[in-house]
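Down below is the structure, laid out as structure tokens.
Each value in this text was obtained by applying a stated rule to the coordinates, not by laboratory testing. The structure displayed is predicted, hence computed values, not measured ones. We place every Cβ from the backbone using ideal geometry, glycine too, and count neighbours over all the protein chains shown.
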Amino acid sequence: MRVLIVEDEVRLAATLQDLLEMDGYAADVCHDGESGLDNALTNIYDVVLLDVMLPRMDGFTVVRQLRAAGCAVPVLMLTARSEVTDRVTGLDSGADYYLTKPFEPRELLACVRALARRQPELRSTDLLRCGDLTLEKSSFTLSCGERSVRLSRKEYDMMELLMLNQKVVITKEKLLVKIWGYESDAEDNNVEVYVSFLRKKLEHLRSQVKIKTIRMVGYCLELPEN
Ligand code: CA
């Protein structure tokens, strides 16, 4: 689960990041509305925390533009102002929930959990299927028939992303930011290394599903015909 924090108060943003990371989320921070919008539009986030008063572009505009671009990521708006009109503006703009600062850490985490759960039907089940493969979230287990293997955290994240986007080519950049995050020093060849780990595991499982390389672009899952 990856959360984007768009908050110009640097210290608060860092506190939110710590809080989310301690609760098991990966969290990235942006300090202005414009970069917040750019990052949210990558579609790699499960939840966006969005301040209202932001430099370069306010939170209402950010969420309006996100929705106009067809991005359905759950948005939790944060603001120091508690006036009803702000809340209405936020929800009208397309935000999913509204939290007034200061808030309790536990309240924030509960909101993030609730919004993350609201994501597509795929979240409601522990099992993800694709062709002859089954991926179990709670145990990071990938199985095919009688055979199964445990995946590392990064292998799991990569396999999940590929399985959730079965007919779509996932670019290396997307895999890189989704799995390693914006701040990391990971490079394209980290992605290649993990793809090769996964291919070995698919081979071991004798799965018919393959990870296909689309030259210069990225990867997608290839399923046998019919
Ligand atoms: Ca602010």
*asked:* On a full-extension model of 0.36 nm per residue, what is the gain between SER152 and GLU222, subtracting their alpha-carbon distance, rounded to one decimal in nm?
replied: 23.0 nm
_Just to confirm my numbers, what's the Cα centroid distance between the stretch 47-62 and the stretch 152-226 in Å?_
32 Å
*If r is the Cβ-Cβ distance from MET22 to ALA72 and R0 is 22 Å, what FRET efficiency results, to the nearest 0.05?*
0.20
*How big is the chain by Rg and Dmax over its Cα atoms, in Å?*
19.0, 59
*Using θ = phi - 60° and the Karplus relation 6.51 cos²θ - 1.76 cosθ + 1.60, list the HN-Hα couplings for the stretch 148-154 in order, rounded to whole Hz, with x at every Gly or Pro.*
8, 9, 8, 9, 6, 4, 6
*With a 10 Å Cβ neighbour count serving as the proxy for reagent exposure, in which order, fewest first, do HIS31, HIS204 appear?*
HIS204, HIS31
_Once you order the gyration tensor axes a ≥ b ≥ c over the Cα atoms, which shape class does the stretch 104-186 get: rounded for a/c under 1.5, otherwise prolate or oblate by comparing a/b with b/c?_
oblate
_Rounded FRET efficiency, nearest 0.05, which uses the C-beta distance separating SER35 from LYS212 and R0 of 25 Å_ = 0.15
*About its Cα centre, what dipole magnitude does the chain give when the only charges are +1 on Lys and Arg Cβ and -1 on Asp and Glu Cβ, stated in debye to the nearest 20?*
940 debye
*If you plug each phi of the stretch 37-44 into the Karplus form 6.51 cos²θ - 1.76 cosθ + 1.60 with θ = phi - 60°, what whole-Hz ³J(HN,Hα) values come out, in order, with x for Gly and Pro?*
4, 4, 5, 4, 5, 5, 6, 9
*What list do you get for PHE197, PHE103 if you sort them by fewest beta carbons within 10 Å?*
PHE103, PHE197
*asked:* Need one number: nm distance between label points at ASP92 and PHE197, each 7 Å from Cα along Cα→Cβ, rounded to one decimal.
replied: 4.9 nm
*So what's the net charge close to ARG64: Lys and Arg +1, Asp and Glu -1, counting the other residues with Cβ under 12 Å from its Cβ?*
-1
*For the chain, give the share of DSSP beta bridges that are antiparallel, in percent and rounded to the nearest 5; count only bridges with both residues there.*
55 percent
*asked:* For a quick check: with amide H placed at 1.01 Å from N, whose amide H comes under 5 Å from LEU50's, ignoring anything fewer than 5 positions away on the same chain?
replied: VAL6, LEU76, MET77, LEU78
